[in-house]
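Heads up: the structure comes next, in structure tokens.
The values are calculated or read from the model by the stated rules, or taken from the named source; none is laboratory data. Nothing here was measured: the structure is a model prediction, and the numbers come from that model. In this analysis, Cβ positions are derived from the backbone assuming ideal geometry, glycine residues included, and neighbour counts consider all displayed protein chains.
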Amino acid sequence: MDETVAEYIRRTVLKIPRDEIKTMLEKWGLLSETQLQTINFRQIKENISQDVVQLCEENSVDIKQAAVLDIIYNHVYPNKRVWCVYQMKKTGEEAEFFDLTDFKKKFKRRLRSALKNVTINFREYEDNAIWIRIAWGTPCTKPNQYKPSYVVYHSQTPYVFISASVLKSNLPLLCQALVLASNYHDIREMELRSHSLNSLKDIVFKRYSQNFQTHYPRPLQERNVAPESADLRIIQENRNEKERIERVNREVFGDGPQPKLEFAQYKLETMFKSDPQMDVLDKKEPFRCLVKFSSPHLLESLKSLAPAGMADAPISPLLTCIPQKARNYFKIREKKHFFPESFVSP
Amino acid sequence: VEGVARTLLSFGRLSRGLPFGRAHGLSSRDPLLPLAPRSQENADPQRTAFLLRKQWTLYSVTPLYRFSNAHLRDYARLLSAFIAAEKQKGLAVEVGVELDIKVAVSSLPYLKGSDQDQAAILVQLSSRSPASPKNSEEKLIWSGWFCCVSGDDLSKNVPEDFTCLPLFLVNGAECYTSIVGSWFQKTFDCSFRRLAISPLILSWMAAMWTGCKVDKTASAMELVFSVPCLPQPLDISYAIHPEDAKALWDTVQKTPGEIIQEEVDVFMDCLYSHFHRHFRIHLSATKLVKVSTAIASAHCDGIIKFLQSQYLTGVLMLLTELAISQIE
């Protein structure tokens, strides 16, 4: 077995949390049950990985087989990467039957015709998710196994999730290969990025509970309201306002859990407007700003702002539209319109 | 509260115009803002280059008793011995790393505001691994400098035996900071305190520094807000194109040569209301934690980065002011 393969396996095993190693090796299936039993999974990871490499030597594992372990790891821990969402476009044909074998063949063929040195792995999972791992090389160098690109393609949808560590120069080729292999015409990058692959799926597949403007707002008795104080001398001030805020907030954000995003970015090219009495800036050109919101769970965080008194209720649609518009990068320009208060986002 | 009041007072005083600014005889192109950092046309950018683009943690320091500029070499020796002793006691430093630490203490006479100021004192710790040859390169592992820029308010009230260097800036590992700090405390009977920067002061910095003229293409004016007390914490970065931010400030600031609290408030309110117009979020209800401009950046935990050598002294003047107000 090549020492580069050995090193790659060793490093891949080291990435895995110790308690997960046995399970992942079992999923991998390259080592037999008997072989696995010879490994002491209680020792330190350095030693476990050495043992694994030793056994892989016995089985003459090659780089393509080693790469499968990497896919398994990334499938269990997708949130270590940043994922971008792409949408493919057909020209109005009927949905064709998806042939996996055909897809793989065409995909590999397109990449290999452009690049001799490339390692390509496929792995299918439930819910029609096809994981593709590509390690890129150049005409003179072997593929770099430590900087692979990942693609997750749900064959029943036009959406592709690409892990952003792709070397920029390979991206057009990758996109081309995807379009060709899946019989689409075009592909475009959506302005939607996150570490949480599942949340991105929730957003584009509309798997979150959406906010609907209700004409008949549900009476508050159904909700869990904080218990009234037994002491009648204590009155909640602004109770009506508090209730209004809660209700409006639920309307614009929806009732269910929010998809998990870490940030949203807004490039503002709108005009600066001020109270004419203040006698400040009155330019004809846009006031250029870049605003970035970040949080471990952005939408939940934004949802809590109005009840906390830090935002108006309803909060701006620029924020609440994130899941429906399936984007978290925006460019906001002034709408040339009768009502100067509205914004347009291309 | 007193500290803040004192600062406001001094800002008020400075805003009425110090003779200091005019004494330097700057060109009439630059707006004369005694409060805002002035472009130091006579500062040698080479000598101050090592201070730029590094993160400095700020402390206020009470006056040093019986400190003398003439004994810097001795101090270096004594501090070196102190560090060696601390290492032997096992109060070290980095686990498993055997480092030979060399101490240098020097004076930076060009870092001062007025003639009454003490020259800045620089302490540097370098290391060389004992394995490498005698004449191999030493690596700078820690720097700390004491300075006083226009600290007249403090120095004029202090008895003769005391040296006023109220501002201390550190770059390097905390373990060395605490050793060096202990030595100074023991030797000169002074005390160090982390210098926090309040949102009020950060707003002043944002306004002042936005107004500074910068020769090359400036970086954005960025304000960072934090909302920690939510179920899921939120950070908001609000960056404004430097030309647009300056254009706004130029219309807010009414009198050249002075800045008053009201103008800072109007400037910030304008920015807050522009933000609110889009997002319906009240930035004024959140905590301003960091301000970044082309000339410097400051964080509420008392961390500063100098980005332009010509405004270095000006920023130091403001920081000295803050340090003094924390001491008193």
Give me the residue from the range B:244-259 that is surrounded by fewer than 18 Cβ atoms within 10 Å (Cβ to Cβ) and in contact (Cβ under 8 Å) with a residue 24 or more places away in the chain and, out of that set, nearest to the other protein chains (Cβ to nearest Cβ).
B:ASP250
At pLDDT 85 or above, touching a strand residue (DSSP E or B) at 6+ places or on another chain (Cβ under 8 Å) and in a helix (DSSP H, G or I) - does that describe any residue in the range A:181-189?
no
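Take the conditions surrounded by fewer than 19 Cβ atoms within 10 Å (Cβ to Cβ), small (Gly, Ala, Ser) and within 25 Å of the chain's Cα centre (by Cα) and apply them to A:SER301. Does it pass?
no
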Among the residues of the range B:266-319, write down those that are charged (D, E, K, R), in a helix (DSSP H, G or I) and touching a strand residue (DSSP E or B) at 6+ places or on another chain (Cβ under 9 Å).
B:ARG277
For A:ASP186, indicate whether it is free of Cβ contacts under 8 Å to residues at least 40 places away in the same chain and either aromatic (Phe, Trp, Tyr) or out of contact with any Leu (no Cβ under 6 Å at 6 or more places or on another chain) (or both).
no
From the list B:ALA239, B:ALA206, B:ALA196, B:ALA220, which residue is surrounded by fewer than 21 Cβ atoms within 10 Å (Cβ to Cβ) and more than 10 Å from chain A (Cβ to nearest Cβ)?
B:ALA196
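I need the full set of residues from the range A:122-162 which are under 19 Å from A:THR4 (Cβ atoms) and either buried (at least 18 other Cβ atoms within 10 Å of the Cβ) or in the same structural domain as A:VAL13 (by the TED database) (or both), in order please.
We begin by selecting, within the range A:122-162, every residue under 19 Å from A:THR4 (Cβ atoms); these are A:133-148.
Hits for the range A:122-162 are A:ARG133, A:ILE134, A:ALA135, A:TRP136, A:PRO143, A:GLN145, A:PRO148.
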Right, A:VAL68: more than 15 Å from A:ARG18 (Cα to Cα), modelled with pLDDT of 95 or more and under 32 Å from the mean Cα position of the chain (by Cα) or not?
yes
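Scan the range A:281-290 for residues that are part of a loop (DSSP other than H, G, I, E, B) and either touching an Asp or Glu at 6+ places or on another chain (Cβ under 7 Å) or more than 7 Å from chain B (Cβ to nearest Cβ) (or both) and jot them down.
As a first pass, look at the range A:281-290 and keep what is part of a loop (DSSP other than H, G, I, E, B): A:281-286.
Result: A:ASP282, A:LYS284, A:GLU285, A:PRO286.
Please enumerate the residues belonging to the range A:291-319 that are among the charged types (D, E, K, R) and at the interface with chain B (Cβ under 7 Å from one of its Cβ atoms). I'd like the intermediate steps shown before the answer.
Looking only at the range A:291-319, we keep the residues that are among the charged types (D, E, K, R), and these are A:292, A:300, A:303, A:312.
The answer is A:LYS292, A:GLU300, A:ASP312.
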